[in-house]
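The values are calculated or read from the model by the stated rules, or taken from the named source; none is laboratory data. All of these numbers come straight from a predicted model, not from anything done at the bench. As a convention, Cβ positions derive from the backbone with ideal geometry for all residues, glycine included, and neighbour counts pool all protein chains shown. With ligands, DNA and RNA removed, areas are computed over all heavy atoms of the protein, side chains included. Shrake-Rupley method; radii C 1.70, N 1.55, O 1.52, S 1.80 Å.
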Amino acid sequence: MPNKTKKFSFFLIKLAIVVGAFYFIYDKTIHNPQLNFQDFINQLEYSIAESYKTIFTLLGFTIFNWLFEILKWQKLVSIVKHITFYNSLQQSLGSLTASLFTPNRIGEYGAKAIYYKKGNRRKIMLLNLLGNMSQMSVTLTLGAIGLLYIFINFKLEIDVYRFKKLGYLVAIVLLIVLGIGLKGFKKIRGFYIDKIILFVKKMSLKSHLTIVLFSFLRYLIFSHQFYFLLIIFEVNLDYLTCMSLITAMYFLASIVPSLALLDWLVKGSVAIWIFSLVSVNELIIVTITLLMWILNFGIPAIIGSYFVLNFKLPSIENE
(Lines give C-alpha, C1' and ligand atoms only; values in the text may rest on other atoms or scores of the structure.)
Protein backbone atom coordinates (compact mmCIF):
# COMPACT_ATOMS: atom_id res chain seq x y z
CA MET A 1 0.00 0.00 0.00
CA PRO A 2 1.44 3.44 -0.91
CA ASN A 3 2.58 5.51 2.06
CA LYS A 4 0.07 8.32 1.43
CA THR A 5 -2.79 5.83 1.17
CA LYS A 6 -1.65 4.15 4.39
CA LYS A 7 -1.53 7.49 6.24
CA PHE A 8 -4.96 8.49 4.92
CA SER A 9 -6.45 5.12 5.90
CA PHE A 10 -4.96 5.41 9.37
CA PHE A 11 -6.37 8.94 9.68
CA LEU A 12 -9.84 7.64 8.73
CA ILE A 13 -9.59 4.94 11.43
CA LYS A 14 -8.66 7.55 14.06
CA LEU A 15 -11.43 9.86 12.88
CA ALA A 16 -13.98 7.01 12.99
CA ILE A 17 -12.99 6.21 16.59
CA VAL A 18 -13.41 9.83 17.67
CA VAL A 19 -16.68 10.39 15.78
CA GLY A 20 -18.03 7.10 17.15
CA ALA A 21 -17.07 8.05 20.70
CA PHE A 22 -18.70 11.49 20.42
CA TYR A 23 -21.85 10.03 18.88
CA PHE A 24 -22.28 7.41 21.59
CA ILE A 25 -21.67 9.95 24.37
CA TYR A 26 -24.29 12.22 22.79
CA ASP A 27 -26.69 9.33 22.21
CA LYS A 28 -26.40 8.02 25.79
CA THR A 29 -27.11 11.43 27.30
CA ILE A 30 -29.52 13.43 25.13
CA HIS A 31 -31.34 10.74 23.10
CA ASN A 32 -31.54 8.11 25.79
CA PRO A 33 -34.73 5.97 25.76
CA GLN A 34 -34.09 4.93 29.35
CA LEU A 35 -34.13 8.49 30.66
CA ASN A 36 -36.27 11.56 30.09
CA PHE A 37 -33.52 14.11 29.47
CA GLN A 38 -35.72 17.04 30.50
CA ASP A 39 -36.44 15.35 33.84
CA PHE A 40 -32.71 14.73 34.18
CA ILE A 41 -31.92 18.42 33.60
CA ASN A 42 -34.69 19.57 35.98
CA GLN A 43 -33.48 17.21 38.70
CA LEU A 44 -29.90 18.31 38.14
CA GLU A 45 -30.72 22.03 38.23
CA TYR A 46 -32.84 21.59 41.35
CA SER A 47 -30.20 19.62 43.22
CA ILE A 48 -27.03 21.46 42.22
CA ALA A 49 -28.72 24.87 42.15
CA GLU A 50 -25.89 26.49 40.19
CA SER A 51 -23.36 25.76 42.92
CA TYR A 52 -19.89 26.26 41.47
CA LYS A 53 -18.36 24.62 44.53
CA THR A 54 -20.38 21.49 43.83
CA ILE A 55 -19.29 21.40 40.18
CA PHE A 56 -15.63 21.93 41.06
CA THR A 57 -15.82 19.25 43.75
CA LEU A 58 -17.30 16.73 41.31
CA LEU A 59 -14.66 17.57 38.71
CA GLY A 60 -12.03 17.30 41.45
CA PHE A 61 -13.12 13.74 42.16
CA THR A 62 -12.81 12.95 38.44
CA ILE A 63 -9.36 14.53 38.15
CA PHE A 64 -7.99 12.61 41.14
CA ASN A 65 -9.64 9.40 39.96
CA TRP A 66 -7.79 9.61 36.65
CA LEU A 67 -4.64 10.99 38.27
CA PHE A 68 -4.16 7.74 40.19
CA GLU A 69 -5.05 5.68 37.09
CA ILE A 70 -2.39 7.56 35.11
CA LEU A 71 0.17 7.14 37.90
CA LYS A 72 -0.69 3.45 38.12
CA TRP A 73 -0.13 2.98 34.39
CA GLN A 74 3.14 4.94 34.55
CA LYS A 75 4.34 2.68 37.38
CA LEU A 76 3.31 -0.50 35.54
CA VAL A 77 4.98 0.49 32.26
CA SER A 78 8.21 1.45 34.06
CA ILE A 79 8.95 -2.28 34.24
CA VAL A 80 9.32 -2.28 30.43
CA LYS A 81 10.15 1.35 29.70
CA HIS A 82 10.25 4.61 31.64
CA ILE A 83 7.62 7.05 30.37
CA THR A 84 6.67 10.56 31.43
CA PHE A 85 3.45 11.49 33.20
CA TYR A 86 2.25 13.11 29.98
CA ASN A 87 2.93 9.89 28.02
CA SER A 88 0.91 7.94 30.58
CA LEU A 89 -1.89 10.53 30.37
CA GLN A 90 -1.89 10.27 26.59
CA GLN A 91 -2.00 6.46 26.60
CA SER A 92 -4.61 6.18 29.38
CA LEU A 93 -7.12 8.66 27.92
CA GLY A 94 -6.43 7.73 24.29
CA SER A 95 -7.03 4.03 25.01
CA LEU A 96 -10.23 4.92 26.90
CA THR A 97 -11.60 6.68 23.81
CA ALA A 98 -10.56 3.80 21.53
CA SER A 99 -12.11 1.17 23.83
CA LEU A 100 -15.34 3.00 24.61
CA PHE A 101 -17.56 0.77 22.48
CA THR A 102 -15.78 -2.56 23.00
CA PRO A 103 -17.04 -5.25 25.43
CA ASN A 104 -15.65 -4.68 28.93
CA ARG A 105 -13.24 -2.13 27.39
CA ILE A 106 -11.18 -4.97 25.94
CA GLY A 107 -10.04 -2.63 23.17
CA GLU A 108 -7.93 -0.85 25.78
CA TYR A 109 -5.39 -3.70 25.65
CA GLY A 110 -4.66 -3.27 21.96
CA ALA A 111 -4.90 0.53 22.12
CA LYS A 112 -2.22 0.77 24.80
CA ALA A 113 -0.01 -1.89 23.22
CA ILE A 114 0.13 -0.07 19.88
CA TYR A 115 2.02 2.79 21.56
CA TYR A 116 5.01 0.46 21.90
CA LYS A 117 7.27 -1.40 19.49
CA LYS A 118 6.26 -4.91 18.55
CA GLY A 119 8.74 -6.64 20.86
CA ASN A 120 7.12 -5.09 23.94
CA ARG A 121 3.43 -5.25 23.04
CA ARG A 122 2.70 -8.59 24.72
CA LYS A 123 4.33 -7.36 27.92
CA ILE A 124 2.28 -4.15 27.76
CA MET A 125 -0.93 -6.15 27.37
CA LEU A 126 0.04 -8.31 30.34
CA LEU A 127 0.83 -5.23 32.45
CA ASN A 128 -2.56 -3.77 31.54
CA LEU A 129 -4.17 -7.04 32.64
CA LEU A 130 -2.30 -6.89 35.97
CA GLY A 131 -3.49 -3.31 36.52
CA ASN A 132 -7.11 -4.26 35.80
CA MET A 133 -6.86 -7.34 38.01
CA SER A 134 -5.60 -5.16 40.84
CA GLN A 135 -8.56 -2.80 40.45
CA MET A 136 -10.98 -5.72 40.24
CA SER A 137 -9.49 -7.29 43.39
CA VAL A 138 -10.13 -4.10 45.36
CA THR A 139 -13.68 -3.86 43.96
CA LEU A 140 -14.52 -7.48 44.82
CA THR A 141 -12.94 -7.35 48.30
CA LEU A 142 -14.70 -4.17 49.43
CA GLY A 143 -17.87 -5.17 47.59
CA ALA A 144 -18.00 -8.50 49.42
CA ILE A 145 -17.84 -6.61 52.72
CA GLY A 146 -20.65 -4.33 51.54
CA LEU A 147 -22.79 -7.31 50.50
CA LEU A 148 -22.20 -8.98 53.86
CA TYR A 149 -23.40 -5.84 55.62
CA ILE A 150 -26.53 -5.76 53.43
CA PHE A 151 -27.35 -9.43 54.06
CA ILE A 152 -26.97 -8.90 57.81
CA ASN A 153 -28.98 -5.66 58.04
CA PHE A 154 -31.64 -6.02 55.33
CA LYS A 155 -34.27 -8.64 54.65
CA LEU A 156 -33.78 -9.60 51.03
CA GLU A 157 -36.66 -11.27 49.22
CA ILE A 158 -34.96 -13.75 46.87
CA ASP A 159 -36.75 -16.22 44.64
CA VAL A 160 -34.74 -19.34 45.58
CA TYR A 161 -35.84 -21.30 42.48
CA ARG A 162 -34.78 -18.53 40.09
CA PHE A 163 -31.59 -18.00 42.07
CA LYS A 164 -30.73 -21.70 41.64
CA LYS A 165 -31.41 -21.54 37.90
CA LEU A 166 -29.20 -18.47 37.61
CA GLY A 167 -26.51 -20.23 39.64
CA TYR A 168 -26.57 -23.27 37.36
CA LEU A 169 -26.39 -21.06 34.26
CA VAL A 170 -23.43 -19.10 35.65
CA ALA A 171 -21.68 -22.37 36.62
CA ILE A 172 -22.13 -23.78 33.06
CA VAL A 173 -20.83 -20.57 31.48
CA LEU A 174 -17.83 -20.55 33.83
CA LEU A 175 -17.03 -24.18 33.03
CA ILE A 176 -17.15 -23.46 29.29
CA VAL A 177 -15.00 -20.34 29.68
CA LEU A 178 -12.53 -22.16 31.91
CA GLY A 179 -12.36 -25.09 29.48
CA ILE A 180 -11.61 -22.81 26.56
CA GLY A 181 -9.36 -20.63 28.68
CA LEU A 182 -7.21 -23.49 29.97
CA LYS A 183 -6.55 -24.69 26.45
CA GLY A 184 -5.69 -21.24 25.22
CA PHE A 185 -3.77 -20.25 28.32
CA LYS A 186 -1.04 -22.83 27.69
CA LYS A 187 0.35 -20.54 25.08
CA ILE A 188 -0.76 -16.93 24.59
CA ARG A 189 0.79 -15.86 21.31
CA GLY A 190 4.22 -17.20 22.18
CA PHE A 191 3.99 -16.53 25.92
CA TYR A 192 4.21 -19.67 28.02
CA ILE A 193 2.78 -19.81 31.53
CA ASP A 194 6.22 -20.10 33.12
CA LYS A 195 7.38 -17.01 31.21
CA ILE A 196 4.35 -15.06 32.42
CA ILE A 197 4.94 -16.13 36.01
CA LEU A 198 8.62 -15.26 35.73
CA PHE A 199 7.74 -11.85 34.29
CA VAL A 200 5.32 -11.13 37.17
CA LYS A 201 7.88 -12.33 39.74
CA LYS A 202 10.44 -9.90 38.36
CA MET A 203 8.22 -7.09 39.61
CA SER A 204 9.32 -6.03 43.07
CA LEU A 205 7.00 -6.34 46.07
CA LYS A 206 7.09 -2.54 46.30
CA SER A 207 5.77 -2.28 42.72
CA HIS A 208 2.92 -4.70 43.43
CA LEU A 209 1.97 -2.85 46.61
CA THR A 210 2.11 0.51 44.83
CA ILE A 211 -0.26 -0.73 42.10
CA VAL A 212 -2.70 -2.05 44.73
CA LEU A 213 -2.45 1.26 46.64
CA PHE A 214 -3.27 3.29 43.51
CA SER A 215 -6.20 0.96 42.79
CA PHE A 216 -7.47 1.35 46.35
CA LEU A 217 -7.18 5.16 46.23
CA ARG A 218 -9.05 5.21 42.91
CA TYR A 219 -11.80 3.12 44.44
CA LEU A 220 -12.10 5.42 47.45
CA ILE A 221 -12.36 8.44 45.15
CA PHE A 222 -15.05 7.26 42.73
CA SER A 223 -17.10 5.53 45.45
CA HIS A 224 -17.09 8.74 47.52
CA GLN A 225 -17.95 10.71 44.39
CA PHE A 226 -21.11 8.59 44.20
CA TYR A 227 -21.69 9.22 47.93
CA PHE A 228 -21.21 12.97 47.41
CA LEU A 229 -23.84 12.94 44.64
CA LEU A 230 -26.27 11.16 46.97
CA ILE A 231 -25.76 13.98 49.47
CA ILE A 232 -26.35 16.58 46.73
CA PHE A 233 -29.62 14.89 45.83
CA GLU A 234 -30.60 14.91 49.53
CA VAL A 235 -30.59 11.16 50.09
CA ASN A 236 -30.57 10.87 53.88
CA LEU A 237 -28.63 7.74 54.80
CA ASP A 238 -25.95 7.15 57.38
CA TYR A 239 -22.41 6.86 56.00
CA LEU A 240 -21.90 3.15 56.74
CA THR A 241 -25.16 2.06 55.10
CA CYS A 242 -24.56 4.31 52.12
CA MET A 243 -21.01 3.08 51.48
CA SER A 244 -22.09 -0.55 51.91
CA LEU A 245 -24.76 -0.10 49.26
CA ILE A 246 -22.28 1.63 46.92
CA THR A 247 -19.58 -1.04 47.31
CA ALA A 248 -22.17 -3.81 46.81
CA MET A 249 -23.40 -2.04 43.67
CA TYR A 250 -19.88 -1.87 42.18
CA PHE A 251 -19.31 -5.53 43.12
CA LEU A 252 -22.43 -6.72 41.29
CA ALA A 253 -21.95 -4.39 38.31
CA SER A 254 -18.31 -5.43 37.86
CA ILE A 255 -19.17 -9.09 37.27
CA VAL A 256 -21.69 -8.29 34.52
CA PRO A 257 -20.11 -8.14 31.02
CA SER A 258 -21.01 -4.93 29.20
CA LEU A 259 -19.85 -2.27 26.78
CA ALA A 260 -18.14 0.70 28.43
CA LEU A 261 -20.82 2.82 26.76
CA LEU A 262 -23.49 0.85 28.62
CA ASP A 263 -21.57 0.89 31.89
CA TRP A 264 -23.82 3.54 33.36
CA LEU A 265 -26.91 1.52 32.38
CA VAL A 266 -25.61 -1.66 34.01
CA LYS A 267 -24.61 0.21 37.16
CA GLY A 268 -27.90 2.10 37.05
CA SER A 269 -29.95 -1.11 36.92
CA VAL A 270 -27.98 -2.66 39.76
CA ALA A 271 -28.07 0.59 41.75
CA ILE A 272 -31.85 0.90 41.41
CA TRP A 273 -32.28 -2.57 42.92
CA ILE A 274 -29.68 -1.99 45.65
CA PHE A 275 -31.03 1.42 46.70
CA SER A 276 -34.63 0.23 46.51
CA LEU A 277 -33.78 -1.50 49.80
CA VAL A 278 -33.74 1.94 51.40
CA SER A 279 -36.52 3.41 49.18
CA VAL A 280 -34.42 5.90 47.20
CA ASN A 281 -36.20 7.47 44.21
CA GLU A 282 -35.32 5.72 40.92
CA LEU A 283 -34.87 8.96 38.97
CA ILE A 284 -32.26 10.10 41.48
CA ILE A 285 -30.29 6.86 41.12
CA VAL A 286 -30.47 6.90 37.29
CA THR A 287 -29.39 10.56 37.29
CA ILE A 288 -26.44 9.86 39.59
CA THR A 289 -25.22 6.85 37.61
CA LEU A 290 -25.45 8.82 34.36
CA LEU A 291 -23.55 11.72 35.94
CA MET A 292 -20.89 9.29 37.15
CA TRP A 293 -20.55 7.95 33.60
CA ILE A 294 -20.29 11.44 32.10
CA LEU A 295 -17.70 12.53 34.68
CA ASN A 296 -15.51 9.42 34.64
CA PHE A 297 -15.96 8.12 31.09
CA GLY A 298 -17.59 10.76 28.89
CA ILE A 299 -15.41 13.79 29.68
CA PRO A 300 -12.10 11.82 29.80
CA ALA A 301 -13.04 10.14 26.48
CA ILE A 302 -13.62 13.54 24.87
CA ILE A 303 -10.18 14.67 26.06
CA GLY A 304 -8.74 11.35 24.90
CA SER A 305 -10.08 11.98 21.39
CA TYR A 306 -7.39 14.66 21.03
CA PHE A 307 -4.70 12.04 21.67
CA VAL A 308 -6.35 9.60 19.26
CA LEU A 309 -6.38 12.17 16.46
CA ASN A 310 -2.74 13.10 17.13
CA PHE A 311 -1.53 9.51 17.40
CA LYS A 312 1.41 8.88 15.06
CA LEU A 313 1.99 5.22 14.27
CA PRO A 314 5.17 5.56 12.11
CA SER A 315 7.19 7.34 14.83
CA ILE A 316 6.20 4.66 17.36
CA GLU A 317 7.07 1.83 15.02
CA ASN A 318 10.54 3.28 14.52
CA GLU A 319 11.05 3.67 18.25
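Around Phe61, with a cut-off of 14 angstrom between Cβ atoms, what is the net charge of the other residues, counting Lys and Arg +1 and Asp and Glu -1?
Values: positive: Lys53, Arg218; negative: Glu69.
Summing Lys and Arg as +1 and Asp and Glu as -1 gives +1.
Surface composition of region 50-114: carbon and sulfur make up 69 percent of the accessible area, probe 1.4 Å.
Which of the residue pairs Lys118/Lys206; Lys118/Lys202; Lys202/Lys312 have a Cα-Cα distance greater than 26 Å in the structure shown? Write out the running numbers ahead of the final one.
Values: Lys118/Lys206 28 Å; Lys118/Lys202 21 Å; Lys202/Lys312 31 Å.
With Cα atoms farther than 26 Å apart: Lys118/Lys206; Lys202/Lys312.
Is the shape of region 82-135 rounded, prolate or oblate, going by the alpha carbon gyration tensor and its root eigenvalues a ≥ b ≥ c, with a/c under 1.5 for rounded and a/b larger than b/c for prolate? Taking the square roots of the gyration eigenvalues as a ≥ b ≥ c, region 82-135 is rounded.
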